[in-house]
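This report refers to the structure that appears directly beneath it.
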Amino acid sequence: MASTVLVSLISILLLCITITQGRNTLYTSNQFSASSLVSTNDGICKTMVETQGYTCEEHKVTTQDGFILSLQRLPASRSGEKANKPPVIIQHGLFSDAVIWLFNSPEESLGFILADSGFDVWLVNGRGTKYSTMHTSLTPNDKAYWDWSWDELASYDLPASVEYVYNYTGQKMHYAGHSQGTLMAFAALSQGQLLNMLRSVALLSPIAHMNQIPSIGTKLAADLFIANDIYWLGLREFNPNVNVGAKFLEDICNTLHLNCANLMSIFTGPNCCINSSRIDVYLDHEPQPTATKNLIHFSQMIRTGKIAKYDYVDQAQNVQHYGQRVPPTYDLTKIPNELPLFLGYGGKDMLADVQDVKVLLNDLQDHDANQLVVVFMPDYAHSDFTMGVNAKQDVYDPMIAFFNGY
Ligand SMILES: *[C@@H]1O[C@H](CO)[C@@H](O)[C@H](O)[C@H]1NC(C)=O
Ligand SMILES: *[C@@H]1O[C@H](CO)[C@@H](O)[C@H](O)[C@H]1NC(C)=O
């Protein structure tokens, strides 16, 4: 049964690829035209932060592999009081960017809440998202621009951003990440990186093991990415908003007879607490594109349950990249036991599934009990942690209390 669905979906997919091929340039949405590059007039500071009465600075950070990331800093509270607490660096998840921390009201959005709590707030935009499309030698039209997965986000984007904030402020910082932003931290921390620059680490909807995700939509997407990896790698960029990306997601929900009007809940779970009258504002900014290689890497995690580097499948290529035939794994038991960790997870989350989080907690079983705070929200799905109207009282306030301890 499942394989029949798979075969028919692959046929649909190949058909729509044929149809769209003629007019398919993935950039027709002017996503990457010069006008969408960061400038002081249309960046996140001007459009999302200063409009709410906060001071904001735009920063640029270049990674070791040449990507130029934009960071926004909120150095003071709304009332203009300069931050009197350490920096907090916030890392968004897959298909998202820094706007996710700002787009509800200032009373509901983590970026503003942290600034009003006295922290020096730094928001990162990952490579390939709207405000981080620049590179020292490549453009998003170049194939090589999209040759990365979360391995590179962990080994280049994350250290560059954290080091930049550390250099600029001269202070160790707190880290807060959501979803892919937690996976980046797990990968780096398990290899002993960043530790000298971090005070504590907060992980919302933690993504580590992905073996048991209950979303049939996500599972099918993962199967399709792996079955057609050559095709997807050829596309380089996956933009859920346009052409092939949008069609792919629509085909999945049609094939599974799901309600396509709510693509987000098909993939993230039934979010309890999102303000439905702000969905339009959300859709103005998200979802953001990512590399198809990144999605194949996630698909490999879903299939194997392992947290390992990207598998080139071809053993010779693995040897070339890693010096061994199978990709090296990230060993989360190596995260130092004394590192202060805050974990927030939800009972309805279909990406950071409860069963998978239990495997993660098992990895952390030797962690110092008084350096590990776990908050479980039975009603929360994946996006409630970033967009929930109650997230302040449910998650952010406990997280701030945790930060205040370090
Ligand atoms: C931070 O400072 C060190 C030492 O000066 C320098 O080597 C490094 O490149 C800086 N990192 C960033 C991201 O600015
Ligand atoms: C939901 O969004 C609307 C439109 O922005 C806003 O007027 C309302 O106050 C929001 N409700 C909550 C609970 O945040």
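The values are calculated or read from the model by the stated rules, or taken from the named source; none is laboratory data. Fair warning: this is a prediction, and the values are worked out from it, not measured in the lab. For neighbour counting, all protein chains shown are included, and Cβ atoms are generated from backbone atoms with ideal geometry for every residue, glycine included. Please note that ligands, DNA and RNA were not included when accessible areas were found on the heavy atoms of the full protein model with its side chains. Shrake-Rupley method; radii C 1.70, N 1.55, O 1.52, S 1.80 Å.
Could you list, in sequence order, the residues of the stretch 355-385 that are open to solvent by 10 Å² or more (accessible area, probe 1.4 Å), in contact with a strand residue (DSSP E or B) (Cβ under 6 Å, 6 or more places away or on another chain) and of a type in the set (Val, Ile, Thr)? Passing the criteria: Val373, Val374, Val375.
So is Ser155 open to solvent by 10 Å² or more (accessible area, probe 1.4 Å), more than 16 Å from ligand 2 (Cβ to nearest atom), in contact with a Gly (Cβ under 7 Å, 6 or more places away or on another chain) and among the hydroxyl-bearing types (Ser, Thr, Tyr) or not?
On the way: open to solvent by 10 Å² or more (accessible area, probe 1.4 Å): yes; more than 16 Å from ligand 2 (Cβ to nearest atom): yes; in contact with a Gly (Cβ under 7 Å, 6 or more places away or on another chain): no; among the hydroxyl-bearing types (Ser, Thr, Tyr): yes.
The answer is no for Ser155.
Residues that are of a type outside the set (S, T, N, Q), open to solvent by 10 Å² or more (accessible area, probe 1.4 Å), more than 16 Å from ligand 2 (Cβ to nearest atom) and without any contact (Cβ under 8 Å) to a residue 24 or more places away in the chain are absent from the stretch 186-208. Of the listed requirements (1) more than 16 Å from ligand 1 (Cβ to nearest atom); (2) aliphatic (A, V, I, L, M); (3) open to solvent by 10 Å² or more (accessible area, probe 1.4 Å), Leu183 misses just one: (3). Residue count for the stretch 80-110 under the criterion of being within 24 Å of Pro159 (Cβ to Cβ) and either basic (Lys, Arg) or within 16 Å of ligand 2 (Cβ to nearest atom) (or both): the result is 5. Here the stretch 92-141 is the region considered, the condition is being open to solvent by less than 10 Å² (accessible area, probe 1.4 Å), assigned to a strand (DSSP E or B) and within 30 Å of Arg236 (Cβ to Cβ), and the residue that is farthest from ligand 1 (Cβ to nearest atom) is Leu123.
So which of Ala246, Ala308, Ala291, Ala352 ends up being open to solvent by less than 40 Å² (accessible area, probe 1.4 Å), in contact with a Ser or Thr (Cβ under 6 Å, 6 or more places away or on another chain), small (Gly, Ala, Ser) and under 25 Å from Trp146 (Cα atoms)? Walk me through it before giving the result.
Values: Ala246 fails: in contact with a Ser or Thr (Cβ under 6 Å, 6 or more places away or on another chain); Ala291 fails: in contact with a Ser or Thr (Cβ under 6 Å, 6 or more places away or on another chain); Ala352 fails: under 25 Å from Trp146 (Cα atoms).
Going through Ala246, Ala308, Ala291, Ala352 in turn, just one is open to solvent by less than 40 Å² (accessible area, probe 1.4 Å), in contact with a Ser or Thr (Cβ under 6 Å, 6 or more places away or on another chain), small (Gly, Ala, Ser) and under 25 Å from Trp146 (Cα atoms): Ala308.
Determine whether Tyr164 is surrounded by fewer than 24 Cβ atoms within 10 Å (Cβ to Cβ), within 15 Å of ligand 1 (Cβ to nearest atom), touching a residue at least 40 places away in the same chain (Cβ under 8 Å) and hydroxyl-bearing (Ser, Thr, Tyr).
Numbers: surrounded by fewer than 24 Cβ atoms within 10 Å (Cβ to Cβ): yes; within 15 Å of ligand 1 (Cβ to nearest atom): yes; touching a residue at least 40 places away in the same chain (Cβ under 8 Å): yes; hydroxyl-bearing (Ser, Thr, Tyr): yes.
Yes; evaluated as a whole, the condition is true for this residue.
Return the residues of the stretch 145-157 that are more than 16 Å from ligand 1 (Cβ to nearest atom) and in contact with a strand residue (DSSP E or B) (Cβ under 9 Å, 6 or more places away or on another chain); say none if nothing qualifies. Full working, then the answer.
Narrowing the stretch 145-157 to residues more than 16 Å from ligand 1 (Cβ to nearest atom): 145-151.
Listed by number, the residues that qualify are Tyr145, Trp146, Asp147, Trp148, Ser149.
A single entry from Lys309, Lys358 fulfils the requirement of being more than 16 Å from ligand 2 (Cβ to nearest atom), touching a residue at least 60 places away in the same chain (Cβ under 8 Å) and of a type in the set (Lys, Arg): Lys309.
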